[in-house]
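Notes to accompany the following structure.
Just so you know, all these numbers are worked out from the coordinates, no wet-lab data involved. If you're wondering where the values come from, they're calculated on a predicted model, not measured in any experiment. Don't worry about glycine lacking a Cβ; one is built from the backbone with ideal geometry, like all the others, and counts go over all protein chains shown.
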């Protein structure tokens with residue numbers, strides 16, 4: 001079976017995703033510590049910033065990073081790489097929007113839809129569905145390229161970092177878990193031809209997500225294949241997680257959550273006296 005490959009050529013998209021998420025994480029930690037003003041205006045850290053201005057300034061800060069990154073990628077990327085990067089950029093902003101509206105308890109959440117990154121980048125408000133259309137498209141791809149594997153890793157990371165989109169809530173938990181397990185063979189570079197090459201391909205259709213399996217009995221070949229698949233999943237998850245968070249270890253000290261609900265394919269979150277929603 002395919003294994004995780006740290007080849008830089010296969011982390012073109014993950015590297016860009018990580019660079020953007022590093023700033024998202026820095027902002028999250030600043031909010032959680034009550035130090036957002038210090039981050040946004042280091043020359044006057046004690047000056048209060050109105051919640052609406054917080055949303056605008058954070059959004060502009062992230063858009064500036066994306067603008068610089070886009071220009072840097074355009075200078076070196078092939079046409080195929082540039083198209084793959086545009087999709088990755090969409091996933092970046094979809095994740096950031098969901099974090100700043102739904103996952104982070106801060107006063108600016110209700111104002112974020114006015115500065116929605118997805119709309120600024122793609123002029124749409126459909127990330128809750130579009131994200132999973134990208135997943136479905138990858139699942140139906142017969143001839144996967146290294147860029148496809150790289151993009152699958154980006155999608156997997158976004159889900160690991162909390163993106164739920166239209167499947168937010170208990171009812172969508174199994175669906176999200178299913179998508180994650182199916183993204184793994186794509187992210188590892190396993191192709192449909194590779195899967196047909198196995199004597200028992202059905203053994204590779206399932207990913208064990210528990211890391212507590214210490215079975216030591218002699219296993220039938222197809223059971224061993226399933227266990228090895230689970231171990232491969234854990235190894236890959238660890239490698240790409242480390243690749244993403246290595247530069248963040250000195251910054252991230254926890255994640256916070258906010259209670260939100262789904263209404264008509266929209267994610268709705270109440271913050272103090274108001275509410276905000278996005279699709």
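Normalising the Debye intensity of segment 79-147 to I(0), with uniform scatterers on Cα atoms only, and taking log10 at q = 0.12, 0.19, 0.28 Å⁻¹ returns -0.38, -0.80, -1.28. In terms of surrounding Cβ atoms within a 10 Å radius of their Cβ, 145, 78 rank from fewest to most as 78, 145. Anisotropy class assigned to segment 1-119 is prolate, per the alpha carbon gyration tensor with a/c at or over the 1.5 cut-off and a/b larger than b/c.
Per-residue extension of 0.36 nm, minus the Cα-Cα distance of residue 143 and residue 79, leaves a gain of 21.2 nm for this segment. Histogrammed with a bin width of 10 Å, the alpha carbon distances of segment 107-185 distribute as 16, 44, 31, 8, 1 percent, first bin at zero.
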